[in-house]
Amino acid sequence: MITFQNTSKFKVKDLRKKKLWLNSISKNEGKEIESLSFLFVDDEEMLKYNKKYLQHESYTDVITFDSSVDKRIAGDIIISLERVKDNAKFYQVSYNYELQRVMAHGLLHLLGYNDKNKEEKKIIRKKENYYLDNI
């Protein structure tokens, strides 16, 4: 089950399509989504989560909390829609495209991909692009 909660002024469209897309990513990776929750927030709320849980004093676009077991995906993904909007402008892509990239990024973390070093970042970015372009 995938759920969405929005406390931001920015809108998220086509949630049904996004659920189908996220499930297809998980299945393609050989896993099943058991419980996945997305929380869409503004920058200030995201900063509070970043300070509280990661001890970071900076803005970020996505934070993932993993509670998966084996091949059953479970977790919470928090996304700053303000960061998504700004990133979309910076990278010259649509807001929806950038939102899907960040959603895929969070899910890929739950699927076992990391981005702690240059090589891991290259792999996760390649996966993001694949799922944005092919599914």
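Please treat every number below as a calculation from the coordinates, not as lab data. Because the structure is a prediction, the values reported are computed rather than measured. Cβ: placed from backbone, ideal geometry, glycine included. Neighbour counts: every protein chain shown.
Of ASN134, VAL93, ASN117, which is farthest along the charge dipole of the stretch 91-135 in the positive direction, counting Lys and Arg as +1 and Asp and Glu as -1 at C-beta?
The residue sitting farthest along the positive end of the dipole is ASN117.
Could you tell me what fraction of 2.2 N^0.38 Å the Cα radius of gyration of the chain comes to, as a two-decimal ratio?
Rounded to two decimals, the normalised Rg is 0.99.
Among LEU107, LEU36, LEU47, determine the one that fluctuates most according to a GNM of the chain built with springs between C-alpha atoms less than 10 Å apart.
The residue that fluctuates most here is LEU47.
With a Förster radius of 30 Å, plug the Cβ-Cβ distance of GLU34 and GLN55 into 1/(1 + (r/R0)^6) and report the FRET value to the nearest 0.05.
E(calc), rounded to 0.05, equals 0.55.
Which ³J(HN,Hα) values in Hz, rounded to whole numbers, follow from the phi angles of the stretch 106-123 under the Karplus curve 6.51 cos²θ - 1.76 cosθ + 1.60, where θ = phi - 60° and Gly and Pro get x?
Once θ is set to phi - 60°, the couplings for the stretch 106-123 become x, 5, 4, 4, 5, 7, x, 8, 10, 9, 7, 9, 4, 5, 5, 4, 5, 5 Hz.
Fully extended, how many nm does the chain gain between VAL69 and PHE4 (0.36 nm per residue separation, minus their Cα-Cα distance)?
Contour length minus Cα-Cα distance gives 21.3 nm.
To the nearest 500 deg cm²/dmol, what mean residue ellipticity at 222 nm is calculated for the chain from DSSP H runs of n ≥ 4 alone, each contributing -39,500 (n - 2.57), summed and divided by the residues?
-16500 deg cm²/dmol
Of the trypsin sites (Lys or Arg not before Pro) in the stretch 26-135, which ones lie in a loop per DSSP and count no more than 10 other C-beta atoms within 10 Å?
LYS116
Pairs to check: LYS17/LYS121; LYS19/LYS85; LYS9/LYS118. Give those whose C-alpha atoms are more than 30 Å from each other in this structure.
As for pairs spanning more than 30 Å Cα to Cα, those are LYS9/LYS118.
Taking every DSSP beta bridge that has both residues in the chain, what percent is antiparallel when rounded to the nearest 5?
If we restrict to bridges inside the chain, about 30 percent are antiparallel.
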